[in-house]
Amino acid sequence: MDKECCCTHKTKERGEAEYRSLINRLNRIEGQIRGIKNMVENSAYCTDILVQVSAASAALNAFSKELLSNHIKTCVAEDIKNGKDETVDELVATLQKLMR
């Protein structure tokens, strides 16, 4: 089994490119959140803060889409190939949580 392609017991070995991409996105989101906190601390105008919150939300959504795509292409595909059909049920449950 390829360690980059399988999820086991709620952990996953990620390739360097996937890891870097996810970490870079999270670092940018972290910076956006710190910026929003600074705006609140500096009494920025409400709509200016809301615009930044919207941008941070969009960034989190993009992160989720990338992570979900990677998950389906690696973990889910590998588990289905190995006859672990319960992975589809887990994916459906996850998608239902994401769509709330």
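Structural remarks
- Difference of contour (0.36 nm per residue) and Cα-Cα distance, Glu86 to Ser64: 5.7 nm
- Going from the fewest other Cβ atoms within 10 Å to the most, the residues Arg25, Arg100 appear in the order Arg100, Arg25.
- Maximal additional length on extending the Asn24-Thr11 stretch stands at 2.7 nm, based on 0.36 nm per residue less the C-alpha distance.
- 222 nm mean residue ellipticity, helices alone, for the chain (DSSP H n ≥ 4; -39,500 (n - 2.57); rounded to 500): -23500 deg cm²/dmol
- Ordering Arg34, Arg14 by the number of other Cβ atoms within 10 Å of each residue's own Cβ, fewest first, gives Arg34, Arg14.
- Sequence-ordered 3J(HN,Hα) estimates for the range 26-36 from the Karplus curve with 6.51, -1.76 and 1.60 and θ = phi - 60° stand at 5, 4, 5, 5, 4, x, 4, 5, 4, x, 5 Hz, glycine and proline given as x.
- Residues Leu68, Leu98 arranged by fewest to most Cβ contacts within 10 Å: Leu98, Leu68
Every number in this text was worked out from the coordinates using simple rules, so none of it is lab data. The structure presented is a predicted model; accordingly, all values stated were derived computationally and were not measured. Please note: Cβ atoms are built from the backbone with ideal geometry, for glycine as well, and neighbour counts cover all protein chains shown.
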